[in-house]
Amino acid sequence: SSRAGSFTGARAGQEASVERANLDLAMAEAASLIEKYKGAESSETSAELHAKILKFKPEWNKYDATRAQVQHLQFLEADAPALKKKMIIQGDMAVLKAALEALTIPEEKPVQWMLTLIYDMLREDSSCVNVFDEALKQQIPVMKPFMNILEMQRVDQYIADKAAWILTSIIGNSPRFMSEQDVKAVVELLQRKPGVCSELGVLEAIVNLLKADCFRKGIWTMSGVADWVTSVNPQTATPPFLYKCIFALWMLSFEPEGAIYFKEEEIIKKIRDVLMTSRVEKVVRLSLTVLRNFLTHKVFAEQVVELGVLEVVQQLEFEKWRDAELYDEIRDMSSQISLQVQEMSNFDRYERELKEGQLKWGFIHSSKFWSENVLKFEQNDFRPLKMLAALLQSTDPTTLAVACHDIGEFVAMHPLGKKQIANLQVKDRVMQLMSSANPAHREVRREALLCCQKIMLNKWQDMEGVPKQ
């Protein structure tokens with residue numbers, strides 16, 4: 001077996017150990033958040049299928065692949081505790097080899113039975129995955145039978161899902177035995193069209209792979225992987241699927257800032273939408289935890305403020321939750337985001353956008369911002385206002401729309417707003433934008449119209465104070 005080449009680049013051994021320890025600690029602290037889902041169907045349907053599979057009693061001497069392994073396979077009992085299964089396998093690795101041979105049987109029922117036995121063992125006691133670690137040390141080809149299942153053109157979806165879950169759990173736990181190419185091959189198999197796994201099966205497998213910190217960056221940046229998480233529709237997705245998406249983001253949120261390329265706006269929008277629509281407590285709780293972690297990343301924190309996440313979190317306090325502690329977490333999250341809002345709704349940030357020459361919608365273009373900062377536009381002989389006016393010549397439609405909006409806000413809120421705008425002679429340009437025939441200027445035309453209305457409204461207000469002759 002080959003040692004994995006890290007997708008994240010060379011790291012000092014000590015730093016890698018610390019990062020791993022921190023992630024393990026975080027995983028342990030969040031254990032109470034993690035409820036295990038058994039499949040893509042309802043829990044009742046899954047339970048019925050599970051019972052049906054385990055009711056089957058394999059006769060290993062009937063199959064060519066296991067006829068010579070009966071003496072080893074007879075020790076495995078599906079309903080035995082995970083610890084007992086672990087001790088049996090650790091006591092004789094020939095038992096594990098026999099179990100892997102059983103996965104090559106062409107009939108579905110014995111394969112379903114064996115996969116369920118292994119899956120249940122790992123879900124009941126995660127330390128049981130160490131038996132595969134030991135097998136890899138002995139150079140037993142653990143991956144092969146699971147890969148063979150995923151490579152089939154047609155296979156029972158239950159079998160494919162369980163094989164994918166077990167395989168990726170092994171990789172997530174023992175990445176040092178895997179190469180970069182091994183992981184890439186698994187991801188490609190999971191995403192092939194037409195696939196043999198269910199959508200939830202693919203997502204759960206990807207989440208397992210993301211647990212391997214040395215491969216996390218590479219897996220996330222592989223074609224199609226991020227889409228499994230970010231393209232989910234919170235309104236239609238099942239709670240298990242939604243939870244797994246947030247769980248993936250939770251693991252990624254522990255990466256150092258800048259270590260992985262993220263579409264920050266897309267991710268924060270998704271978390272916001274989840275908090276707006278989902279009322280499943282474990283989903284809400286984990287989403288709040290992800291937000292808390294991402295607030296330590298500057299760009300993410302900006303998006304949390306810009307996208308109005310504070311109002312969404314504050315609204316959660318008025319919902320009815322069974323867990324009283326969730327109210328405390330909601331209030332704590334509201335406080336943390338409020339601090340970010342205070343820090344980021346400053347004039348320096350607005351000036352930074354002006355200097356970059358590109359404006360985008362967000363908190364610093366809100367009425368609240370303008371009411372608190374309008375007088376600061378007088379600085380340096382109204383230099384910020386002049387820079388804003390100059391952006392009316394931009395070729396970017398969003399910048400033009402925001403500039404028209406902000407000029408309208410200045411006119412409405414500054415005591416000498418109309419006079420200063422008249423001095424800059426921008427009214428003609430705003431009116432020109434208002435009648436633009438450019439198909440991309442729909443938003444620009446609207447904001448230019450509103451801007452002109454504010455200028456005219458101010459003129460009307462000025463005339464109110466003139467005594468009648």
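Evaluated against (1) touching a residue at least 40 places away in the same chain (Cβ under 8 Å); (2) touching a Phe, Trp or Tyr at 6+ places or on another chain (Cβ under 8 Å); (3) within 29 Å of Arg279 (Cα to Cα); (4) open to solvent by 20 Å² or more (accessible area, probe 1.4 Å), Glu317 falls short on exactly one condition, (1). Among the residues of the stretch 113-169, those that are of a type in the set (S, T, N, Q) and open to solvent by less than 10 Å² (accessible area, probe 1.4 Å) comprise Thr116, Thr168. If you go through the stretch 77-102 and pick out every residue that is touching a Leu at 6+ places or on another chain (Cβ under 7 Å) and within 13 Å of Pro141 (Cα to Cα), you end up with 2. Please go through the stretch 282-307 and pick out each residue that is within 16 Å of Ile330 (Cβ to Cβ) and over 13 Å from the mean Cα position of the chain (by Cα). Lys282, Val284, Arg285, Arg292, Leu295, Val304 - these are the residues of the stretch 282-307 that are within 16 Å of Ile330 (Cβ to Cβ) and over 13 Å from the mean Cα position of the chain (by Cα). The single residue among Val155, Val129 that is aliphatic (A, V, I, L, M), at pLDDT below 95 and not in a helix (DSSP H, G or I) turns out to be Val155.
When the stretch 50-78 is limited to residues that are open to solvent by 70 Å² or more (accessible area, probe 1.4 Å) and in contact with a helix residue (DSSP H, G or I) (Cβ under 7 Å, 6 or more places away or on another chain), the one that is farthest from Thr104 (Cα to Cα) turns out to be Phe75.
Just one residue in the set Lys85, Lys38 is among the basic types (Lys, Arg) and either within 30 Å of Ala259 (Cα to Cα) or at pLDDT 90 or above (or both); that residue is Lys85. Scanning the stretch 196-215 for residues that are among the hydrophobic types (A, V, I, L, M, F, W, C), open to solvent by 10 Å² or more (accessible area, probe 1.4 Å) and out of contact with any Asp or Glu (no Cβ under 8 Å at 6 or more places or on another chain) yields Val196, Cys214.
Determine, yes or no, whether Val232 is of a type outside the set (S, T, N, Q), open to solvent by less than 20 Å² (accessible area, probe 1.4 Å) and at pLDDT below 95. Here the answer is yes, as Val232 does meet what is asked. Among the numbered conditions (1) over 16 Å from Lys282 (Cβ atoms); (2) open to solvent by 60 Å² or more (accessible area, probe 1.4 Å), the only one that Gly224 does not meet is (2).
Screening Phe56 on (1) modelled with pLDDT under 90; (2) more than 25 Å from Glu204 (Cα to Cα) shows it passes everything except condition (1).
Taking each residue of the stretch 68-91 that is free of Cβ contacts under 8 Å to residues at least 24 places away in the same chain and looking for partners that are of a type in the set (S, T, N, Q) with beta-carbon atoms closer than 7 Å, six or more apart or interchain, yields Val70/Asn61.
Taken over the stretch 195-225, the criterion of being of a type in the set (Gly, Ala, Ser) and farther than 24 Å from Arg279 by Cα is satisfied by Gly195, Ser198, Ala205, Ala212, Gly218, Ser223, Gly224.
For the stretch 174-188, which residues satisfy the criterion of being hydrophobic (A, V, I, L, M, F, W, C) and more than 22 Å from the chain's Cα centre (by Cα)?
Once the filter is applied, which keeps residues that are hydrophobic (A, V, I, L, M, F, W, C) and more than 22 Å from the chain's Cα centre (by Cα), the stretch 174-188 yields Phe177, Met178, Ala185.
Results for (1) buried (at least 19 other Cβ atoms within 10 Å of the Cβ); (2) under 30 Å from Gln342 (Cβ atoms); (3) of a type in the set (Val, Ile, Thr), shown as yes or no for each residue.
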{"position": "Phe410", "(1), (2), (3)": "yes, yes, no"}
{"position": "Pro415", "(1), (2), (3)": "no, yes, no"}
{"position": "Lys419", "(1), (2), (3)": "no, no, no"}
{"position": "Asn423", "(1), (2), (3)": "no, no, no"}
{"position": "Ala448", "(1), (2), (3)": "yes, no, no"}
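Go through the residues of the stretch 85-96 one by one and say whether even a single one is farther than 17 Å from Pro145 by Cβ and open to solvent by 90 Å² or more (accessible area, probe 1.4 Å).
yes
Out of all the residues in the stretch 225-262, which are under 26 Å from Ala185 (Cβ atoms), part of a loop (DSSP other than H, G, I, E, B) and charged (D, E, K, R)? Across the stretch 225-262, the qualifying residue is only Glu255. What do you reckon, is Val313 aliphatic (A, V, I, L, M) and within 23 Å of Ala401 (Cα to Cα)? Criteria not met by Val313.
If we scan the stretch 191-210, do we find a residue that is among the charged types (D, E, K, R) and in contact with a Gly (Cβ under 8 Å, 6 or more places away or on another chain)? Within the stretch 191-210, not a single residue is among the charged types (D, E, K, R) and in contact with a Gly (Cβ under 8 Å, 6 or more places away or on another chain).
The values are calculated or read from the model by the stated rules, or taken from the named source; none is laboratory data. Remember, predicted model here, so these are calculated numbers, not experimental data. Reconstructed Cβ throughout: ideal geometry from the backbone, glycine too, with neighbour counts over all protein chains shown. We work out accessible area using only protein heavy atoms, side chains counted, and drop any ligands, DNA or RNA first. Shrake-Rupley method; radii C 1.70, N 1.55, O 1.52, S 1.80 Å.
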